[in-house]
Amino acid sequence: MNHDADRLVTRTGLWLQWAEEHGVRYDDSGKSFDDVARDYHQTSDAYRELLTPEARGDVLSVTHRAAANTAYARALLIEAAIERRGGDLDLYVDPVQVRDPHGRIVPPKQRPEAMGEWEDVAPVPFAAAEEPAQQHDARTTDRGYRP
């Protein structure tokens, strides 16, 4: 007898089933809790951006819908990883806050990500040219070549 047919299916359960069918995965092995929390913030930001009217125009295209579905399913998988580690999400604030197992808020990413690594990007001061470079008045040689 199949007891799964009698089980109540939640909306999250349907999304996780969709993620399984579409190959959406999240591997949190070897990552610190902070890294998992940053993954959640990054994924939820991407999901929010995909649904903004400016990004999608008047109509939600098939490509945007697929990308948004993938981002949402991935966010659910990351949420499950956070809960497995004893943390939780405070869904009643915007943006959502991630709390570690000790109740401390893990801040969203503060720095840009480059090549999969976190790095500081400091502005580089430079002096602007005071006046544009002048073109040289070179004469044409007898072969028609102008240096």
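The values are calculated or read from the model by the stated rules, or taken from the named source; none is laboratory data. Keep in mind that this is a model prediction, so the values were computed, not measured. In this analysis, Cβ positions are derived from the backbone assuming ideal geometry, glycine residues included, and neighbour counts consider all displayed protein chains.
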* Which one of these is basic (Lys, Arg), assigned to a helix (DSSP H, G or I) and modelled with pLDDT of 90 or more: 25, 48, 38? -> 38
* To do: Only residues that are at pLDDT below 85 and of a type in the set (A, V, I, L, M): list them for the stretch 51-72, please.
  => 51, 55, 59, 60, 62
* Residues in the stretch 3-22 that are of a type in the set (Gly, Ala, Ser), farther than 16 Å from residue 78 by Cβ and modelled with pLDDT of 60 or more: how many? -> 1
* Hey, among the residues in the stretch 57-91 that are under 17 Å from the mean Cα position of the chain (by Cα) and among the basic types (Lys, Arg), which one's surrounded by the most Cβ atoms within 10 Å (Cβ to Cβ)? -> 74
* To do: Return only the number of the condition from (1) modelled with pLDDT under 90; (2) part of a helix (DSSP H, G or I); (3) within 26 Å of residue 13 (Cβ to Cβ) that residue 75 does not satisfy.
  => (1)
* Asked: What do you reckon, is residue 61 hydroxyl-bearing (Ser, Thr, Tyr) and out of contact with any helix residue (DSSP H, G or I) (no Cβ under 6 Å at 6 or more places or on another chain)?
  -> yes
* Asked: In the stretch 51-72, which residues are of a type in the set (Gly, Ala, Ser), assigned to a helix (DSSP H, G or I) and without any contact (Cβ under 8 Å) to a residue 24 or more places away in the chain?
  -> 55, 66, 67, 68
